[in-house]
Amino acid sequence: MRSPILDYLDTIIEQTEDINSGALADYIPELAAADPESVAVALCTVNGTVYASGDTDHRFSIQSMSKPFAYALAIEDHGLEAVLEHIGVEPSGEAFNELSLDPETGKPRNPMINAGAIAAHALIADDEVPAVDRMLGLFSQLAQRQVGIDEAVASSELATGDRNLGLAYLLHASGGLTQDPPAAVAGYIRQCAASVTVRDLALMAATLANAGTQPNTGERVFSRKGTKHVLSVMASCGMYDAAGDWLTTVGIPAKSGVAGGIMGVLPGQIGVAVFSPRLDPHGNSARGVQMMQRLSEDLGLHLMETGRPARSSLREIRTATIEGQPATIYVLQGDMVLSSIESLVREIIENPPSTDIVIFDMTRVDEVLPVARRTSSETATKLIDEGHRIILIDPENTVTDFQDSQGRPITRWSTQQLEENSD
Ligand code: GLU
């Protein structure tokens, strides 16, 4: 059975098909050679399950989405206080490559603009391992595969990197750079040229969503405190000079990169990544922003949306005898949003019910968001197609219009009917 969550991700791509505004980044010549039509989306739960649709294996350079990770590593190495001595946490409202430092502090305003990111990169260099190798090791640990560098992108940017070099000299002059400017910039540019897919990014984001622990390997990569801090800075400074607009509309900590990727983190729930290379005037993927907006609305991702639980909708699975026949009862609970019903859908796909009768007990369900409704009705359709009989116990009428996606009605019973018919 194909997961309805994948079907949903397909629709995100279909619904944004006609968005072809924006332009490829051309200040790094190699990025201008990207296929503008390429598109992909992935999400990863804090349990480590990845769902991806579109050009899921397409690799592109991570660019500025590497910045939160370099910053997080610098915090792990030196402690937050020491890193704050070098790099501020104030949104700059300026473009990512602005040639300026905070006039009051003389420091880069934050680690998400290039000045702060070059300073963070220099902070993670150690005597034995070059900073860029440490970053590649970190990306590989997070993505659970060997991440390498797109050498064509790296040399293309190195050849045109005067602006970053200018920034690094400015930092050096103010005493804020712990490496030689050319070495720091070369390393930073190679860090940005790490080649990733949306799957990789979703896993990386899920580690941040999971308080710094890689969800599949169980390794603690970043401390809880460091993760909280990095996510806060992503929320206020992650989307270039459109950060305020982003926080109000999409509402999750995120970081975009000039190759066309955007990575978002909903703490405690999921990591998300989208890719489409045409950029809007702020330097964010134009179609990617639209995809993220839809994901946020459909899945109830906005941080300021109250009362969305991180806990699973699946409370327990029971067996019973109904009208003399064995039945499986899925007992559901809480608000049904995509991240809370994911474990239910996965359970049904991985361990399909062995009984003909399948009962969903929604007595403890509070609210069902549209995508959760759609995903669960598709799951019901698939179960009916496989010969199961579905009975819904929904005394609060949380899903008044529930039917399978072929339009076939689903049997509804009251709690009393369930009791009367149980042996
Ligand atoms: N390597 C790019 C630069 O420094 C990253 C920019 C970005 O993705 O925002 O210009």
Hey, can you grab everything whose amide H is under 5 Å from the amide H of residue 368? Only 5+ residues off in sequence or another chain; H modelled, so Pro and N-termini drop out. 336
Which aspartates and glutamates, on any chain, are close to residue 225 with Cα under 13 Å apart, when same-chain ones fewer than 8 places away are left out? 76, 81
Roughly what would the spin-label model give for residue 419 and residue 104, points 7 Å off Cα along C-beta, in nm? 6.5 nm
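State the antiparallel share, in %, of DSSP beta bridges confined to the stretch 339-423, rounding to the nearest 5. Each step should come with its number before you reach the end.
Working: 1 of 9 bridges.
Given both bridge residues lie in the stretch 339-423, the antiparallel proportion sits at roughly 10 percent.
By how many nm would the segment from residue 94 to residue 6 lengthen if fully extended, with 0.36 nm per residue of separation less the alpha-carbon distance?
On the way: separation 88, 0.36 × 88 = 31.68 nm, distance 3.73 nm.
Working it through step by step, the gained length comes to 28.0 nm.
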Extension gain from residue 82 to residue 163, taking 0.36 nm per residue of separation minus the Cα-Cα distance: 26.5 nm
If amide hydrogens are placed 1.01 Å from N in the peptide plane, which non-local residues have theirs closer than 5 Å to the one on residue 329? 318, 319, 320, 359
The simple spin-label model distance between residue 126 and residue 37, using points 7 Å out along Cα→Cβ, in nm, is 4.7 nm
Output the 0 to 90 degree angle, nearest 10, between the alpha-carbon long axis of helix 67-78 and the longest principal axis computed from the alpha carbons of the chain. 70 degrees
Put a dot 7 Å past each Cα toward the Cβ at residue 146 and residue 400; how far apart are the dots in nm? 5.9 nm
Residue-wise HN-Hα coupling along the stretch 26-43, computed from phi with Karplus coefficients 6.51, -1.76, 1.60 (Hz; x: Gly, Pro): 10, 6, 10, x, 5, 5, 5, 8, 5, 7, x, 7, 5, 8, 7, 9, 8, 9
List 171, 392 from most exposed to least, where exposure is judged by having the fewest other Cβ atoms within 10 Å. 392, 171
Charge dipole of the stretch 320-423 about the Cα centre (unit charges at C-beta), most positive-ward option of 321, 368, 421: 368
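Can you check how the C-alpha radius of gyration of the chain compares to 2.2 N^0.38 Å, as a plain ratio? Can you show the working numbers first?
Working: Rg = 23.8 Å, N = 423, 2.2 N^0.38 = 21.9 Å.
Against the compact-globule rule of thumb, the ratio is 1.09.
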Between residue 259 and residues 5 or more places away or on another chain, the pairs with built amide H atoms under 5 Å apart involve 64
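Quick note: the coordinates plus some simple rules give every number you see, no bench work behind them. All values reported here derive from a predicted model rather than from experimental measurement. Using ideal geometry, Cβ is built from the backbone for each residue, glycine included, and neighbour counts are taken over all protein chains shown.
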